Every structure is written in C-alpha cells, then in structure tokens.
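S.K.: My questions will all concern the structure given below.
Read the figures in this text as sums done on the coordinates, not as results from a lab. This one's a predicted model, so the numbers in the text were calculated from it and none came from an experiment. Counting neighbours? That spans all protein chains shown, and the Cβs are built from the backbone with ideal geometry, glycine included.
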C-alpha cells in the first residue's frame, strides 16, 4: 500500500486521472467482450440443440414411416394375434389356406401402401410362393410357384382380378432365403440382413413374419420388403453445410443410409463382382468416423447397450434409454462436434442408430458475425468514451497545468503571464484565488506596482535566461520623492497614498513597454531598463521621468502639489555584476543628486574629486 502511494505521489496529476480512467474502460471492454462471447456460446448451444433436434425429429419421422409401412403391410396379410380378455392368452387369427384368399390379402396390402418398388410375398413350408412387386403406379410383377420344387413363373399385371401376362420362368427357392430362415427359426417377426434388390439395384431388407395353423404348426412366412432408397434421399435433402453429416447405421457399425453419398455396399477389392457391406470404420469421411466413435463411446458408457471397447470417453450426460434423443458437444481432434443420436429398436430385432453430426464452428460461424459486430460497436463506443473523457481531462488539466507553471514562475522570477482561465467551477475559483495570491506576492498593495523582491527575481531570471549572456545589458534607476514627507504632514496619509498611486501611474506611462517599475519602499521606486547599455540612454529616460514627476498633482481639496524626485542610476555590468551592488550604487548616486542636484550616472558622485 505504501509503495502504491509512493508511486501515486511521484506521478503527474494528468496520469493520475487518465490512467485509472483508461484502466476502467479497458476492464469494461474486456467485460463486454467476455459477456458477448458467453452470449455467443449460449446462443450457439441453443441454436445447435434446436437444429439437431429438428433434424433428428425429421429423420425419426422418416424411419418410423418406413418401418410402419413395412409392419402395417405385413399385418394386413398376417394380422397380429388378439389377446383373450379372460385368460389373456393370444388368440390366433386363422391364416387363409386358400391361395386365392391369400392373394386377395396381398393385393390389399399393395393397394394400401402403394410404394413403387414395394414387394410383399408369402413362402409356404411346402414350397408354395406368391410374391407381388409394384413396378409403376398401375403395373406389378407377380411371381407364383406351386408346391414342391417346381420353378417360379413371373407375370406382369395391371392389378387384382386382371388377366396377367406371362414373362418368364426362373429358378427361385424362397425357403433358402435369409428372411424365411430367420423368421422360421425364431418363430417371430424378424428382419433380414441388408441386400441389393436386383430390379432397382438399391439396398433393401425384408421384414418377415411366420404364420401357423391352429395346432401351431408352421405354415410359412410372410415378408415385406423395405427399400432404403427413401431414407437415403431424405438424408441427402437435409439442409446442412458441407461439413455436416447425417447417417443411419446398424448397431454393429454397418451403414444404412448417409447424407454425403456414402454407399451401403462397396465392391470387393479382390473380386469386383462381389459386394461387401460398408461400415463406419471404413468410410471415406473422417468426420463420420469421429462422430461414430463419440456415439459408440457414449453408448458404451451407459447401460442398455452392448459394450464396445473404445478409448474415447465423452463427457457424461443423462443415460440413454431406447428411443431417447442424445444431444451434446463432444471434443474431437478437429474441434468440438455437435452430435445428436437416437436409438431405434423393435421386437423384430432391428437396432438402428440415427446420427446427426455438425462441427460446432458451423453454428458459431452463423452467430459470431453478429457477436463481433456487437463487440466492435461496443469497443467503438468505449473508444469514443475514452477519447471524450481524455479530451475532458486534458481540458480540465490544461488549466491546472497553467496554475502549476504560474507557481513555478513565481518562484523562478519568470514574468507572470495572464492565466486566461474563464471557468465557474472549482478550478476557476482556484485560478481566481491564485491570481489574487500572485498579486499580493508580486505587487505592492497600494500602487499595484511590482514589489522589491519580485523585481529583483525578474531581473535575475532575465539575466540567467538571456540567450547571449555576454551581451546582456541593463540599467537600474533609484527614484526617491523629494517632498513626500511634507505631503503626509500637510494633507495626511490618505492623500500621501493617493500621491504614491499617481506617481506609480506616471512612472508606468513614462516607461517603455519592456521596462519595469517597482516600489522599493516608502516613497522610493526602482526602475529596470533592459537593454540600456550607456549613460546617454539612461540619462534620457531619467530626464523624462524627472519631468513627469515634477508636474503638479491635484489634491483632494483642489490644491496642486509639486513633488519632484531625485534619481540615481547604475549600469550593468559597468557598475556591478550583481543586482545588490547595482542598487547600492544607484542609491548612493540618488543621495548625491538629492544633495547636489541634477542627474548622475558618473562612476563617482559629484562630491568626490575626479
């Protein structure tokens, strides 16, 4: 604390005022910048969560719509069992044993869900097969196969109850297909692995349901095809920057659909005719791989999912539940990533994870322009405030500086210049008080002339500061009034004061602009004549002064009084090298003049022999 006070005592008043003011404004600027940055971060969080939630909501709707269509079409052909209200046991709905009735249900399902490319079929344990695929709005391909191991027949049809056109015969055994085997072995709804549908060359998978007779013997399997093309098209149509990605992936990492054009199947590097599943571990996009690692490690850390070893552990948030939306900002090697993920499960074994991943910089970039504009505007306002405050302080301190220089000039003997401080505040009052103090210190109260000390200080100051000291010359005159005592005795001291004031005015009017006159004391005056270097010039000024002071002075009662004066002078440096010596010489010569009369600048008084 003492050290701080010592520093403050050594610093100037200007810095003392300006530096704290600038420091406060700097703190204000930093605070405003920090608050704006935090506001930008909060806005980024809110915007990113809103965008991710909206995108994920749309993806969920697209997935649910596809899954619902597949399940609903399947239930038209093979309805769900109905639970008995009494004993709560499921009551199976009889499956049509008649092929014609089965085809009717399948045509109904195709009409209720008119998706081009949609396929629905039934494969019986006896080898019987019926399959219907919509290839256009009013065109279908129907595949029929009888019991046993006979070939399948492919027909073209315009709809139910319409004559079909035979196209070709093909070898197709439905009982060896994965969708049939899964449903038959599990004895419940089951999904097939993803495959490439030959007609459309698009990835698809089948939802299959086993059907039983009254004695719970397997009759066959009903299957509905689900194309992944609509999901891929939906993801690719999402409004996101090129840096972002949305994708659907199986729990093991195999890709279902992606917004960046990643294919579900890749050509095998060894056999170009063989296609293999594309997984998140081998996709070309590093951003997809990073986001998937974050999702994996999040799901690994929380219960309800199969653990997968991964060293990356993002910050913990609420544990996920099936179907729960996960949103969070996770660190990565390329900067924070905003990730939203949602798990999709059903009783048939489907386990998909929908993921939307966007760099946080995309959201911050959308917000930081307004944040930076606000920050720049705030800094501009602060800068203007600093400039205005600095100007006000300079204006206030300029007058204080004048007072400081005036104080120095009093001590150094420098001629006192007019302050020119026209203010009504405390500084103005201080200036008025200082001018009054300066007047009392420098001038004689009665005559308003310089006093003795002030004149001596000014002469010394000019001698010290002369640009050419060797050429510095001046003269001093010692003036003593001759009949001043008679005036005081006859007219009184008040009239004597009036005479002194008049003498001071006459002396000032008789001198040059650069000359100075001071009251030495009583009725004695000193005249300072800068630049006067010879007796002739000094004598000429002395004669002028003598003539002025010999003129009558009008008294208060109307009388005229003639005072007169005795004047002695001295020259610098001829008569002395210091002012005290010069004044003694001038005083001595003044008494010589008073005694013998006349004016003298002689080195010796008239009473001394030459």
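S.K.: For Cα pairs less than 8 Å apart in space and 6+ apart in sequence, what is the mean separation divided by the residue count of segment 443-596, i.e. the relative contact order in percent?
M.R.: Computed value for segment 443-596: 30 percent relative contact order.
S.K.: What is the calculated FRET efficiency for residue 543 to residue 382, with r their C-beta to C-beta distance and R₀ = 56 Å, to the nearest 0.05?
M.R.: It comes to 0.20.
S.K.: Neighbouring Cβ atoms within 10 Å as the yardstick, rank 291, 185, 200, 592 fewest first.
M.R.: If I rank by nearby Cβ atoms, fewest first, I get 185, 200, 592, 291.
S.K.: Test of understanding: what is the full-extension gain from residue 139 to residue 188, defined as 0.36 nm times their sequence separation minus their Cα-Cα distance?
M.R.: Gain on extension, residue 139 to residue 188, equals 14.5 nm.
S.K.: Another question, if that's okay. Looking at the square roots a ≥ b ≥ c of the eigenvalues of the Cα gyration tensor of segment 443-596, which shape do they give, rounded for a/c under 1.5, prolate if a/b is larger than b/c, or oblate?
M.R.: prolate
S.K.: Using 1/(1 + (r/R0)^6) with R0 = 30 angstrom and r between the beta carbons of residue 502 and residue 594, what's the FRET efficiency to the nearest 0.05?
M.R.: In this case the efficiency is close to 0.90.
S.K.: Which of 59, 276 has the fewest other C-beta atoms within 10 Å, and how do the rest follow up to the most?
M.R.: 276, 59
S.K.: For segment 143-186, what value does the Rg/Rh ratio take when both radii are computed over Cα atoms and Rh is the Kirkwood radius, given to two decimals?
M.R.: That ratio is 1.09, to two decimals.
S.K.: Right, here's the next one. Can you work out the PRE-style zone for residue 555? Point 7 Å along Cα to Cβ, and I want the residues of segment 469-498 with backbone N under 11 Å.
M.R.: 486-493, 495-496
S.K.: Quick one: grab the alpha carbon gyration tensor of segment 131-256, order the square roots of its eigenvalues as a ≥ b ≥ c, and give me rounded if a/c is under 1.5, else prolate or oblate depending on whether a/b is larger than b/c.
M.R.: Oblate, because a/c is 1.5 or more while a/b does not exceed b/c.
S.K.: Additional query: Between residue 72 and residue 30, what length in nm is gained on full extension when 0.36 nm per residue of separation is reduced by their alpha carbon distance?
M.R.: 9.0 nm
S.K.: Still on this structure, please answer the following. Rounded if a/c is under 1.5, else prolate if a/b beats b/c, else oblate: with a ≥ b ≥ c from the C-alpha gyration tensor eigenvalues square-rooted, which is segment 189-296?
M.R.: prolate
S.K.: Starting from the Cα-Cα distance between residue 493 and residue 273, subtract it from 0.36 nm times their residue separation and give me the gain in nm to one decimal.
M.R.: This chain segment gains 65.6 nm when fully extended.
S.K.: Rounded to the nearest 0.05, what FRET efficiency is calculated for residue 465 and residue 284 with R0 set to 56 Å and r the Cβ-Cβ distance?
M.R.: Taking R0 as 56 Å, the efficiency between residue 465 and residue 284 is 0.05.
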